[in-house]
Amino acid sequence: MNTDFIILHGAAGTGKSTLSKRLHEHLTSPYFEFGWIPEFRSLNPSIQITQKEEEQLAFENLMLVVKNYNQHGFKNIIITDLDDARIREIPIQFEGFNYIILTLYCDEDEVIRERIENRDNGNSYSDWEQSIQLNSLIRRRNKLPNEYRIHNSSNDIEGALEVLLDYLGTHVPSRNSETQVSKDEFYSYIKDAPGS
């Protein structure tokens, strides 16, 4: 298993934070959540920056950081919690790299609602209706290059981890960075988000 970047994606409530942490423990590789990038507007309200500009800056910084880790020899770098609209950019951002997108989804809306309402991981996001909308969109759209979908409606974390590891072990990277998926098929939590 010698992938440059592993992008774990999915709507809130599909289990990506839990599985990212388990994958990190298993691979002992660098792990980055998008939310770890500083939010300047909340840290220093005097800075004049819009939510869209701040998200753009944070995304660019994250890409620089993870590529720098890779340049220093790190592999299997885990990235999670990207805005859905950013997933469409992954094939372009990582063109020439060996990367994989592992997208989690649920078949049952009730599972997402229950997980979000009963979170104990410190995440304050609570809009389960919005998450169900994104999950439905993900299930309908075509896959991106190097993307795999993983059904994760059960609470079998070890079983889901095994599926993730199987995909990582058998993945043959595509060098194609072109996507047949329209930007309209991606959802953003950010107003006036990139690609909108």
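The values are calculated or read from the model by the stated rules, or taken from the named source; none is laboratory data. Because the structure is a prediction, the values reported are computed rather than measured. Note that each Cβ is placed from the backbone with ideal geometry, even for glycine, and that neighbours are counted across all protein chains shown.
Brief remarks on what is shown
- Hits in the stretch 153-173 - residues which are in a helix (DSSP H, G or I) and either over 26 Å from E95 (Cα atoms) or touching a Lys or Arg at 6+ places or on another chain (Cβ under 8 Å) (or both): I157, E158, G159, A160, L161, E162
- Residue identified as among the small types (G, A, S) and touching a helix residue (DSSP H, G or I) at 6+ places or on another chain (Cβ under 7 Å) among S131, S182, S136, S174: S131
- Cβ-Cβ distances below 7 Å connect the following pairs, each with a first residue in the stretch 168-183 that is hydroxyl-bearing (S, T, Y), a second residue that is surrounded by 14 or more Cβ atoms within 10 Å (Cβ to Cβ), and a separation of six or more residues or different chains: S174/P145; S174/N146; S177/P91; S177/P145; T179/R88; T179/P91; T179/L144; T179/P145.
- Test: residue in the stretch 5-16 that is in a helix (DSSP H, G or I), surrounded by fewer than 20 Cβ atoms within 10 Å (Cβ to Cβ) and of a type outside the set (D, E): no
- Qualifying residue in the stretch 44-53 (condition: modelled with pLDDT of 95 or more and under 22 Å from L134 (Cα atoms)): no
- In the stretch 90-125, the residues that are on the phi < 0 side of the Ramachandran plot and over 18 Å from the mean Cα position of the chain (by Cα): D107, E108, D109, E110, V111, R113, E114, E117, N118, R119, D120
- Within the stretch 135-144, tally of residues that are out of contact with any Phe, Trp or Tyr (no Cβ under 9 Å at 6 or more places or on another chain) and part of a loop (DSSP other than H, G, I, E, B): 3
- Residue within the stretch 76-98 that is of a type in the set (S, T, Y) and in a strand (DSSP E or B) present: yes
- In the condition set (1) charged (D, E, K, R); (2) surrounded by fewer than 14 Cβ atoms within 10 Å (Cβ to Cβ); (3) touching a residue at least 12 places away in the same chain (Cβ under 8 Å), D83 is compliant with all but (2).
- Consider the stretch 117-129 and keep the residues that are of a type outside the set (S, T, N, Q) and not in a helix (DSSP H, G or I). The one that is modelled with the lowest pLDDT is G122.
- Selected residue (only one of I132, I150 is touching a residue at least 40 places away in the same chain (Cβ under 8 Å) and assigned to a strand (DSSP E or B)): I150
- When every residue of the stretch 108-116 is checked against the conditions, at least one turns out to be acidic (D, E), surrounded by fewer than 15 Cβ atoms within 10 Å (Cβ to Cβ) and assigned to a loop (DSSP other than H, G, I, E, B).
- Output for the stretch 141-196, where each listed residue is among the polar types (S, T, N, Q), at pLDDT below 80 and closer than 27 Å to R22 by Cβ: N155
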